[in-house]
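Colleague: There's a structure below that I have some questions on.
The values are calculated or read from the model by the stated rules, or taken from the named source; none is laboratory data. In this text, all values refer to a predicted model and were calculated from it rather than measured experimentally. Don't worry about glycine lacking a Cβ; one is built from the backbone with ideal geometry, like all the others, and counts go over all protein chains shown. Please note that ligands, DNA and RNA were not included when accessible areas were found on the heavy atoms of the full protein model with its side chains. Shrake-Rupley method; radii C 1.70, N 1.55, O 1.52, S 1.80 Å.
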Amino acid sequence: MSEESEFDPLLIDRYLAGDLSPAERARVAAWLQAHPRDAQLLRELPRTSLGAAHSASTDAAWQALAARLQAAGQDDLSARRARMASDVRQRTASPWLRRVTRVAAALLVVVGGVATWRATRGGSLTAPRGRDVTTLLPDGSRVTLAAGSTLRWGAGFGRGARDVALEGEGYFDVVHDDARPFRVRTRNAVAQDVGTRFVVRAWPELPAVDVAVEEGVVALMDTLRPRMEKATLLNAGQRGRLLDTGVQVTSDVESALAWMRGELLFDATPLAEALPAIGRRFDVTLTADPALANRRLTARFAAQSLDDVLGALRLALGVRVQTTGKTIFIAPEAP
C-alpha cells in the first residue's frame, strides 16, 4: 500500500466496528503505522468504551479527533458559503490541508462511525470561538454551528423524535421524516422542521429567540407559554422572533444568513449585541463603557481582519479602542 489513494475508506469504518478479515486488518495496521497521529487518536477511542458511559478521556479524544478532521467539514462549509456569496475569496489550501483532502474519504467515514456511536448514547458538539463547525448527524441532517455555539442530543436521538438542544446559533439542513420530527430546543423555544433549512439564534445577549427559514417550513412555539399561542408556521423567506407578546414575523432572512457567507452584518444593532458577535468571530472579549450603552452599529464585515473591524468601529462610532492581550475595551473619545 504505497499510495494513500489505494486505501479503502470503508476499512476504517469497519475497523471501528471490529468487522475485518485478517488481510484487511493487516492493511489497516499498515495505514495506521504510516499515519501515527491518526493512529494515536483512534487508540484513544477504544472499542471497550463503546458500551460504557462516556469518560472525560473519551470526550477529550473525540474533541481531538474532531479537530483533526475539521478540514473536511470546513471544505463543505466553504463550498456552501461560496454558493451563497460568490464574492467570498477562496482560501489557499495548506500542504497539511491538501494531505487531508487526499484521505478525506477515509477520515469522513471515521467521523461518521464515531458520531453515530456518540449520538445513539447522547453527546455534544461545540464550535470553538473563532471558527464555525459543520457536522453530519446520523440521520443525514447537516448542522453548521456558529463560533462559540454548542449542540447537544440525548440518548434516544434518532429512535423517535430527533431532539437537539442549542446554545448559540446554528444552521440546520434537515432530512425530513414525518415519523421522527426534528426539533431544536433552546431557551424558551422549540423550532420543529417541516422539511427545511433554517437558522436558530439564541445567544444570551439577545432579548429573544430568532428563527429564519431559508427553505421549507418551521413550526415555532413558546415552551413557557404553550397555552397562550399555538405553534407559528414560518415559511421560506420568513423570520420569526419569539417575543413575550407572541411571534413577530418579518421577511429579513438574508441578514440572518450572513454568518453562513462568512460575514458579520449589523443594522442599527446595539453594541451590547454587536460586540459579543465580533468577539466570538475573532476569539476575543470586547466590552464597552456604560456611556456607550445606547450606541448602535450599522456595518458589514466580510474578509476584514480584527484590526480592520476595530478601525471601522473607531470611525463609525467615534470611540477609543484599548487592547490588552485578547481583551478589548471600547470607550468614548476623550473630550
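Colleague: What percentage of the solvent-accessible surface of the range 293-334, computed with a 1.4 Å probe over protein heavy atoms, is contributed by carbon and sulfur atoms?
Modeller: The computed percentage sits at 50.
Colleague: I'd like the trypsin sites (Lys or Arg not before Pro) in the range 230-327 restricted to DSSP loop residues with at most 15 other Cβ atoms within 10 Å, sorted by number.
Modeller: Passing sites in the range 230-327 are Lys230, Lys326.
Colleague: Given a 1.4 angstrom probe, what's the average accessible area per residue across the range 201-335, in square angstrom?
Modeller: For the range 201-335, the solvent-accessible area averages 52 Å² per residue.
Colleague: Now for a separate question. So what are the ³J(HN,Hα) numbers for the range 214-224, from phi and the Karplus equation (6.51, -1.76, 1.60; θ = phi - 60°), rounded to whole Hz, Gly and Pro as x?
Modeller: Along the range 214-224, the couplings run 8, 8, x, 9, 10, 9, 10, 9, 8, 7, 7 Hz.
Colleague: Write out the GluC sites (Glu not before Pro) in the range 228-335 meeting two conditions: DSSP loop, and at most 16 other Cβ atoms within 10 Å of their Cβ.
Modeller: Sparse-neighbourhood loop GluC sites (Glu not before Pro): Glu229, Glu333.
Colleague: Between Arg131 and residues 5 or more places away or on another chain, which pairs have amide H atoms under 5 Å apart, with H built 1.01 Å from N, and which residues are they?
Modeller: Under 5 Å from the amide H of Arg131: Ala147, Gly148.
Colleague: What does the C-alpha gyration tensor say about the overall shape of the range 135-227? Classify as rounded when a/c is under 1.5, otherwise prolate if a/b is larger than b/c, or oblate.
Modeller: Taking the square roots of the gyration eigenvalues as a ≥ b ≥ c, the range 135-227 is rounded.
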